[in-house]
Ligand SMILES: NC(=O)c1ccc[n+]([C@@H]2O[C@H](COP(=O)([O-])OP(=O)(O)OC[C@H]3O[C@@H](n4cnc5c(N)ncnc54)[C@H](OP(=O)(O)O)[C@@H]3O)[C@@H](O)[C@H]2O)c1
């Protein structure tokens, strides 16, 4: 996978998510939904296997209890990164109990006691500055780059993906489009962008009954 321009100080960011035909990522916010078929799930694990780290928000950790592994393909599991302002990450969540030693970014007011509990269980907790959307992704990306992360997969949920899209902090998108209707929790709402964004540099891959759209960032 290309590293992008040689003068970058941030990892190459790949936004990855699965959506229904109506653009929903979940039936309801906070409830997991199985959207992808086996073949597209495997393709996503394949992309994961080329990444150094996978980033998710606390909403996804609480609702999906994800593994963020490459269990469907050969390869090493990427480092899990959790965005969690108030350190709500449960001590029993899989990313902790499976010994994945996630990096958790929190805000400056997060509880020191919870920080110690998470660190005792192998997590690394780092404080990030905040902006009007939440924790600063620019700071987080630069911190990850300084720690050797060159390819970062951002797997949601919608709250996190929206910030990366609106702040234009992405290089590629891999969206799995499933032939399903959910009428649920969408990536964007009518006030998210306020303009049409049409991509020209795209590839469509068939994976079982799903289609995976690979988008390369251009000057928007
Ligand atoms: N279909 C898919 O591909 C897919 C993938 C993942 C998740 N999901 C679904 O999506 C839902 C969870 O999504 P979600 O939107 O509720 O949660 P999320 O995107 O996982 O996390 C959002 C949370 O991250 C924290 N945050 C901190 N800084 C932020 C920033 N700069 N920008 C945005 N968020 C920031 C905020 O919580 P704090 O203030 O507490 O830090 C915010 O509420 C679940 O239903 C899950 O099943 C679907």
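The values are calculated or read from the model by the stated rules, or taken from the named source; none is laboratory data. It should be emphasised that the depicted structure is a prediction, and the values quoted were computed from it without experimental measurement. Every residue, glycine among them, receives a Cβ derived from its backbone with ideal geometry; neighbour counts consider all protein chains shown.
Observations
- Test for residue 211: is it more than 16 Å from the ligand (Cβ to nearest atom) and more than 19 Å from the chain's Cα centre (by Cα): no
- Each residue in the range 11-47 was checked for being more than 19 Å from residue 94 (Cα to Cα) and more than 11 Å from the ligand (Cβ to nearest atom), and 13 pass.
- Selection count, the range 25-47, where residues are touching a helix residue (DSSP H, G or I) at 6+ places or on another chain (Cβ under 8 Å) and part of a loop (DSSP other than H, G, I, E, B): 4
- The condition of being touching a strand residue (DSSP E or B) at 6+ places or on another chain (Cβ under 7 Å) and more than 23 Å from residue 180 (Cα to Cα) holds for only one of 100, 71, that being 100.
- The set of residues from the range 176-191 being surrounded by fewer than 18 Cβ atoms within 10 Å (Cβ to Cβ) and at pLDDT 95 or above comprises 179, 181.
- Against the criterion of being closer than 25 Å to residue 26 by Cβ and in a helix (DSSP H, G or I), residue 197 does not qualify.
- Residue in the range 179-189 that is within 21 Å of residue 63 (Cα to Cα) and in a strand (DSSP E or B) present: yes
- Positions within the range 189-205 being closer than 24 Å to residue 48 by Cα and in contact with a helix residue (DSSP H, G or I) (Cβ under 8 Å, 6 or more places away or on another chain), in sequence order: 205
- Residue match in the range 179-189 (condition: closer than 20 Å to residue 19 by Cα and free of Cβ contacts under 8 Å to residues at least 12 places away in the same chain): yes
- Of all residues in the range 48-67 being surrounded by 21 or more Cβ atoms within 10 Å (Cβ to Cβ) and closer than 26 Å to residue 211 by Cβ, the one that is farthest from the ligand (Cβ to nearest atom): 51
- Qualifying helices (runs of 4 or more DSSP H) (wholly inside the range 68-166; at least 1 residues being crowded, with 21+ Cβ neighbours inside 10 Å, within 10 Å of the ligand (Cβ to nearest atom) and at pLDDT 95 or above): 137-146, 158-166
- Long-range neighbours under 8 Å by Cβ, at least six apart or interchain, first residue farther than 14 Å from residue 31 by Cβ and touching a residue at least 12 places away in the same chain (Cβ under 8 Å) within the range 49-67, second away from the ligand (no atom under 15 Å from the Cβ) and not in a loop (DSSP other than H, G, I, E, B): 50/151; 51/151; 52/79; 52/151; 53/79; 53/151; 54/79
- Flag for residue 173 being in contact with a strand residue (DSSP E or B) (Cβ under 6 Å, 6 or more places away or on another chain) and in a strand (DSSP E or B): yes
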